[in-house]
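Report on the structure given below.
The values are calculated or read from the model by the stated rules, or taken from the named source; none is laboratory data. Computed from a predicted model, the values in this text were never measured in an experiment. With ideal geometry, Cβ positions are generated from the backbone for all residues, glycine too; neighbour counts draw on all protein chains shown. What goes into the accessible areas is simple: the full protein's heavy atoms, side chains included, and nothing from ligands, DNA or RNA. Shrake-Rupley method; radii C 1.70, N 1.55, O 1.52, S 1.80 Å.
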Amino acid sequence: MHRIPRFAPALIGLAALVALFAATSATGRSETAPSNSAEPTITYVSPIKIGTILNAGKGTWNGTAPLDYAYQWLRCDDNGLNCKKLTNATGTTYTVVSADAGHTIRLDVTASNSDGKATARANATGEIPANAKAPSETAVPTVSGSAVVGERLTATVGSWKGTEPITYTINWQACNAEVTSCAANGATGTSYTVAKSDVGKRLRVKVIAKNGAGSSAGLSDTTAVVKDTAGGGGGGGGGGNAVPVSEVGPAGERLIVDNVVFNPNPVTSRNVPIQVTITVKDTKGRLVKGALVFFRSTPIVTSTPTDAPTGSNGKVTYSVQPRSDFPIKNGYSVQFFVKAYRSGDPTLAGISGTRLVQVATHTP
């Protein structure tokens, strides 16, 4: 039997410390598994159709380097749900085939390192039409407004290409917070008042575009998780703290476009909608609710949302989709014109306030 000399404990202790340090340095490091901070993207030349090549963007990930990435393309229903893995579709590109007609396509990206792995999913494409002359989405529908009980949301149909005339139906959907389940809530049309039953859910619209050659569906991004009025404030004012736009006056008082926040900023992809939150105050510094907000890129390189009113926190949120000519390059910014106004006021003699703002762009 092997015996340990009497002086070995000290040596063993030192050796153990050295071994522990070496093991920590070699395998532990920061011990950070991958986590996703910006979801994957799918880019392609619109409109989507059979034969379109889809390109995968892995998104933005954090974690101990090096990170390895795996891709899996998915065929989903027209709600972007019930997704199935596409066989042998594990590269950074995917070509739409005839079997994809009537479906949307999504993408899973899995990042892995020595500390673990995580998967993130890209938003769905528009529905792929079976007939080339049927409507095909070129810019996603949008929903603007505050996801707070009692507030009004406003939807647009997005942009579509196909044989005219094209008719549109807007159906509102409620999703769980994780957006793994969505269902129509029975509401239709361009506006929807957030209900108490929506608390804890996310809202979106499904647009059905139809012409003589067929129909296709498009999905907006979801809103933030709906909050009750008591929790709907933020960024300088809670629910009920804003004055109605009708009370802004007398003469000499005006509306002020107080703050404009872009997310993401900088913009690095044309495939990811830009969320824009605009805060309106008056010249007394009070938050204003019910002020209509006009928002447009100059020149026009994004979708232009329908004018919507500020909520009880003095804010309105728009989702705009970059167009194919939206410039993405380092050291560049895209300018937007913002106007807050009161419905019914004369164009030049009312209490409107305007502002030019910009968002930076950056090559991924």
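Within the range 107-143, the only residue that satisfies the criterion of being touching a helix residue (DSSP H, G or I) at 6+ places or on another chain (Cβ under 7 Å) and either in a strand (DSSP E or B) or of a type in the set (Ser, Thr, Tyr) (or both) is Ser114.
Assess whether Asp282 counts as being touching a helix residue (DSSP H, G or I) at 6+ places or on another chain (Cβ under 9 Å), at pLDDT below 90 and of a type in the set (Asp, Glu).
Numbers: touching a helix residue (DSSP H, G or I) at 6+ places or on another chain (Cβ under 9 Å): yes; at pLDDT below 90: yes; of a type in the set (Asp, Glu): yes.
Yes.
When residues in the range 240-269 are screened for being in a helix (DSSP H, G or I) and open to solvent by 40 Å² or more (accessible area, probe 1.4 Å), 2 of them pass.
Does Lys315 fit the bill of being open to solvent by 10 Å² or more (accessible area, probe 1.4 Å), at pLDDT below 90 and under 18 Å from the mean Cα position of the chain (by Cα)?
Here the answer is yes, as Lys315 does meet what is asked.
A count restricted to the range 328-364 and to residues that are without any contact (Cβ under 8 Å) to a residue 40 or more places away in the chain, of a type in the set (Gly, Ala, Ser) and either closer than 24 Å to Thr41 by Cβ or open to solvent by 50 Å² or more (accessible area, probe 1.4 Å) (or both) stands at 4. Among the residues making up the range 203-237, those that are at pLDDT 90 or above and open to solvent by 40 Å² or more (accessible area, probe 1.4 Å) are Ile208, Lys210, Gly212, Ser215. Kindly list, by first and then second residue, each pair from a residue in the range 206-228 that is on the phi > 0 side of the Ramachandran plot to a residue that is open to solvent by less than 40 Å² (accessible area, probe 1.4 Å), limited to pairs with Cβ atoms under 6 Å and residues at least 6 apart or on different chains. Final answer for the pair search is Gly214/Pro129; Gly214/Ala134. Of all residues in the range 112-171, those satisfying the criterion of being over 30 Å from Thr32 (Cβ atoms), surrounded by fewer than 20 Cβ atoms within 10 Å (Cβ to Cβ) and of a type in the set (D, E, K, R) are Lys133, Arg152, Lys161, Glu164. When Arg75 is tested against (1) over 21 Å from Ser35 (Cα atoms); (2) in a loop (DSSP other than H, G, I, E, B), only condition (2) is not met. Across the range 177-198, the qualifying residues are those that are under 17 Å from Val143 (Cβ atoms) and assigned to a loop (DSSP other than H, G, I, E, B), and the one among them that is most open to solvent (accessible area, probe 1.4 Å) is Thr190.
If a residue has to be among the small types (Gly, Ala, Ser), open to solvent by 20 Å² or more (accessible area, probe 1.4 Å) and within 26 Å of the chain's Cα centre (by Cα) to count, how many in the range 270-302 make the cut? Going through the range 270-302 one residue at a time, the tally reaches 1.
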